[in-house]
Amino acid sequence: MAKAVRLDKFLADAGAGTRSEVKKFIQKGQVQVNGETVRRPEQKVQPDTDRVSLLGEMLGAHEEFVYFLLHKPAGCVSATEDQREKTVLEYIPSKRKGLFPVGRLDKDTEGLLLITNDGALAHELLSPKKHVEKTYFAKVSGIFTEEDVRKIEQGVDIGEEKLTLPASLEILKTVETREEGPYSEIHLTICEGKFHQVKRMMEAVGKKVLYLKRISMGPLVLPCNLEKGQCRPLTREETVSLQKACKTMEK
Ligand code: URA
């Protein structure tokens with residue numbers, strides 16, 4: 001069995017922060033050992049058997065994967081770090097190392113983004129063979145016609161080797177305004193994730209995306225009470241349905 005170590009050392013070794021950062025978490029009452037809040041950094045813990053958590057997340061030998069659902073606002077990039085731009089990770093309160101966004105939304109795209117440290121699950125969700133469905137709400141320039149719908153549903157040329165896979169598209173409304181010009185609002189469901197895929201699909205039918213928001217991915221749906229810039233951990237049911245979906249989705 002491993003030797004008992006100081007709590008602050010244990011937390012720093014588990015990647016929760018520097019020694020001085022983790023001391024602050026302890027002093028603020030954010031750390032629990034076996035369910036009890038501990039405020040002394042020098043308290044000894046047994047790494048193999050004690051259950052140490054920071055802000056409710058288990059660390060060390062009892063570490064679990066974490067899954068956050070973020071309502072990504074426009075203006076931040078889907079990266080773990082960036083020299084100039086704000087990243088999506090800056091919206092996540094977790095101190096856990098190794099978190100990353102599952103796939104990318106463009107800087108100006110809003111909506112559902114899964115953030116996790118579970119590389120295997122992310123790999124499954126992003127695998128082109130799995131055909132995970134993603135639904136977007138989009139406001140596009142011009143008036144969408146039934147002919148455009150038919151083209152998008154059958155597959156369009158976006159400059160790749162093959163046409164896009166069949167998608168489904170619903171016209172929600174078409175509006176003729178003098179100020180903004182004509183525009184349409186649509187729901188588009190695709191099961192691929194090519195770079196700028198939605199924008200390129202719209203261009204293929206002569207439209208320009210004016211606003212884009214992802215509203216679902218696989219079994220996950222953007223909750224209507226989750227404000228832009230807010231995140232919350234997945235519920236147990238959401239995590240299970242995601243894991244199940246990854247196992248059962250078409251190869
Ligand atoms: N398609 C796009 O064009 N942009 C996104 O952010 C997501 C899908």
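At-a-glance table
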read-out	value
Within a Gaussian network of the chain (alpha carbon springs, distance under 10 Å), most fluctuating of Ala138, Ala204, Ala61	Ala61
Positive-end residue, the chain charge dipole about Cα centroid, Cβ charges, pick of Pro166, Met201, Leu54	Leu54
Volume in Å³ per residue [convex hull over Cα atoms, computed for region 93-139]	96
Cα-centre dipole for region 5-59 with unit charges at Cβ (Lys and Arg positive, Asp and Glu negative), debye to 20	260
Region 134-217: relative contact order in percent, alpha carbon pairs under 8 Å with at least 6 residues between	47
Viscosity 1.567 mPa s, temperature 4 °C, Stokes-Einstein D of the chain from Kirkwood C-alpha radius, µm²/s	63
Value of Rg to Rh for region 138-251 (Rh from inverse mean 1/r over Cα pairs, i.e. Kirkwood)	1.02
Most positive-pole-ward Cα, Thr80, Thr37, His131, against dipole of the chain from beta carbon charges	Thr37
Relative contact order (percent, whole number), the chain, Cα cutoff 8 Å, 6+ residue spacing	19
Candidate residues Ser184, Ser141: accessible-area rank, largest first, probe 1.4 Å	Ser141, Ser184
Region 5-59 - percent relative contact order, Cα under 8 Å, separation 6 or more	37
The chain, dipole about Cα centre (Lys/Arg Cβ +1, Asp/Glu Cβ -1), debye to the nearest 20	940
Residue among Arg84, Arg214, Arg40 with the largest mean-square fluctuation in a Gaussian network model of the chain, springs linking Cα atoms under 10 Å	Arg84
On Cα atoms only, tilt of 236-248 relative to the major axis of the chain in degrees	60
Euclidean distance between Cα centres, region 187-235 to region 58-131, Å	15
Ellipticity estimate at 222 nm from DSSP helix runs (n ≥ 4, -39,500 (n - 2.57)) divided over the chain, nearest 500	-6000 deg cm²/dmol
Cα-based convex hull, region 5-59, per residue volume (Å³, whole number)	62
Distance violations [Cα-Cα > 28 Å] among Lys24/Lys44; Lys72/Lys208; Lys24/Lys244	Lys24/Lys244
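The values are calculated or read from the model by the stated rules, or taken from the named source; none is laboratory data. Quantities reported herein were computed from a predicted structural model and do not represent experimental measurements. Quick reminder, even Gly has a Cβ in these numbers, built from the backbone with ideal geometry, and neighbours come from all protein chains shown. Protein only, heavy atoms only, side chains kept; ligands, DNA and RNA dropped before computing areas. Shrake-Rupley method; radii C 1.70, N 1.55, O 1.52, S 1.80 Å.
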